[in-house]
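I have placed the structure first, in the form of structure tokens, so that the comments after it can refer back to it.
The values are calculated or read from the model by the stated rules, or taken from the named source; none is laboratory data. Computed from a prediction, not measured in an experiment: that's the story for all the values here. Here the Cβ positions follow ideal geometry from the backbone for every residue, glycine too, while neighbour counts run over all protein chains shown.
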Amino acid sequence: MLSVFLGTDTKKALVAVNAAAQKLKVAVVRASDASSVEDVRAALAGGGMFSEKRVVVLDRISDNRETWQIVIDALPLLAKQTDMYFMYEEKADAATKKLLQKYADTVEIFDAPKSAKPRPTVFALVDYMRVGDKKKLWVGYQQELAIGNAPEAIHGTLFWGVKQALLAARSVQDVQRSRRLLAELAELPHVSRRKGEELEYALERFILSEV
């Protein structure tokens, strides 16, 4: 089964996605635009006939052209899987909406009112990390979690931000700091899996101790 959530009201959409996923009370697998090709393929592969049913949350995969193509190719097969798929796309164009509607069992739209005052986005966390403002970074991280933004997506944004900071670095100190943060963020998902620690808490520990 494939349920699709679309629209620019990220807060409401993610709350709906997470509520639907948690309601089923089964294991939840998450993949985002920051996930590797291998992780996305594994999420789409299905648990198999004799495996426990899973919920798979696909969070804004279209922001990554490479992994998005994998999802597009898998769409005809998702309805046949025993797993439940919940997909959220924030800025799907008309062609993408039409394609998703073709294969989805349900489609829900969550568009923010045009007059709504924009709130600081997850990209503000990048600025806080760049200047080393640990307090604002931690508060912003908690706010992103509260509105339903997945830790995997937040991790991907921070990883992207550090790469940009490294490219823009002008001093040896800035280069060294960016390289250190980049290496630690790259390893963080793998370390958390080895330790059996959820990425949400591993990322919080990184923010409080390494930034």
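Annotations
- Residue match in the stretch 59-69 (condition: part of a loop (DSSP other than H, G, I, E, B), surrounded by 16 or more Cβ atoms within 10 Å (Cβ to Cβ) and touching a strand residue (DSSP E or B) at 6+ places or on another chain (Cβ under 9 Å)): yes
- Only listed residue being farther than 21 Å from E108 by Cα, of a type in the set (S, T, Y) and over 15 Å from the mean Cα position of the chain (by Cα), chosen from T67, T82: T82
- Boolean, E187 is of a type in the set (D, E, K, R) and part of a helix (DSSP H, G or I): yes
- Selection of the stretch 111-141 for residues being assigned to a helix (DSSP H, G or I), farther than 25 Å from K91 by Cβ and either in contact with a Pro (Cβ under 9 Å, 6 or more places away or on another chain) or at pLDDT 90 or above (or both) yields K134, K135, K136, L137, W138, V139.
- Selection within the stretch 70-109 - more than 25 Å from E52 (Cβ to Cβ), assigned to a loop (DSSP other than H, G, I, E, B) and in contact (Cβ under 8 Å) with a residue 24 or more places away in the chain: E90, K91, A92
- Qualifying residue in the stretch 91-110 (condition: surrounded by 10 or more Cβ atoms within 10 Å (Cβ to Cβ), modelled with pLDDT under 95 and closer than 30 Å to R180 by Cβ): no
- Test: residue in the stretch 146-155 that is outside the structural domain of S36 (by TED's automatic domain parsing), more than 18 Å from R60 (Cβ to Cβ) and in a loop (DSSP other than H, G, I, E, B): no
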